[in-house]
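All remarks here apply to the structure that follows.
The values are calculated or read from the model by the stated rules, or taken from the named source; none is laboratory data. Bear in mind that the values here come from a model prediction, so they are computed numbers and not experimental data. Reconstructed Cβ throughout: ideal geometry from the backbone, glycine too, with neighbour counts over all protein chains shown. For the accessible areas, the whole protein counts, side chains as well, though only heavy atoms, and no ligand, DNA or RNA atoms are used. Shrake-Rupley method; radii C 1.70, N 1.55, O 1.52, S 1.80 Å.
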Amino acid sequence: MRAEAAALRVATYNIHRAIGTDHQRNPARIAGVLGELRADVVGLQEVDWHDEPGRRHAQFEYLARLPGYAAVAGPNLRDHRGHYGNLLLTHLPIRAVRLHNLSLDGREPRGAVDVDLALGAGSLRVIVTHLGLRVGERWRQAWALRRLLLQAPDRPTVLLGDLNDWLPGSPTVRPLLALCASRRHPRTFPSRRPVLALDRILTRALPMPKPPVAHRSATACVASDHLPVVADLPVPD
């Protein structure tokens, strides 16, 4: 954790396979944005495990080896070309890891990374996810995540994800939002001129004193088609 901060900084970022708005695939540019965020915990979506021409390692390995971070992989799609899905990066010690399948028949595979992190004398639960594109799909996935949260309703929890809900009032993810701290969600997509609040930071049994904010640096506006979202949270007792 950053020594100068009393709060815990968390972030969520759909990196779009590290393909920027200039159509260039550049994991190093994503790493640069992560350096700007200075987050203790980061949930990434659309991370590609496919081999990249001209690089020694796949994209996942490149990001997982960023200095100071431990990584937890949550690949959703597996085929002969490689893997693709979610990735958690954290400065905090990892106590437990659970992977949940949120896939529905006939739809792109989806899942969630669910970890317990050591924090002070206690622990913090962090869930990283990326919900589907169809209305009914997101509704069912939101209910599945709600059930996961209710397994430990009093545990401080942070959910980091691209919820893919752009409708007024967020109707397709309302079952999930009803359990979490209610805050304004910043617009993150498309990154150059964002109009949709797709990327969310939600908390359960943990206050969020200030709303999350979209990080809009010059690099972030080109590195992916989504902007990252950042929030500073109190460290639970």
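At a glance:
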quantity: Within the chain, helix-based [θ] at 222 nm, where runs of 4 or more DSSP H residues each add -39,500 (n - 2.57), nearest 500; calculated: -4500 deg cm²/dmol
quantity: Efficiency of FRET from Cβ geometry, residue 217 and residue 151, R₀ 41 Å, rounded to 0.05; calculated: 0.65
quantity: Prolate/oblate/rounded label for region 117-237 (Cα gyration tensor, a/c 1.5); calculated: oblate
quantity: Lys, Arg +1 and Asp, Glu -1 on Cβ, resulting dipole of the chain about Cα centre, debye, nearest 20; calculated: 400
quantity: Fraction of antiparallel bridges per DSSP, the chain only, in percent to nearest 5; calculated: 80
quantity: Built amide H within the under 5 Å cut-off of residue 8, gap 5+; calculated: 233, 235
quantity: Efficiency of FRET from Cβ geometry, residue 101 and residue 7, R₀ 45 Å, rounded to 0.05; calculated: 0.85
quantity: Accessible area of the chain belonging to carbon and sulfur atoms, whole % at 1.4 Å probe; calculated: 53
quantity: Cα shape, the chain, gyration tensor, a/c 1.5 rule; calculated: rounded
quantity: Length gained when the stretch residue 94-residue 210 is fully extended (0.36 nm per residue, less Cα-Cα span); calculated: 39.1 nm
quantity: Cα-centred dipole magnitude for region 100-237, charges only on beta-carbon of K, R (+1) and D, E (-1), debye, nearest 20; calculated: 440
quantity: Listed residues 85, 169, 74, most fluctuating in the chain (Gaussian network, C-alpha, under 10 Å); calculated: 169
quantity: Options 167, 111, 90, ranked by Cα towards positive dipole end of the chain, top entry (Cβ charges); calculated: 167
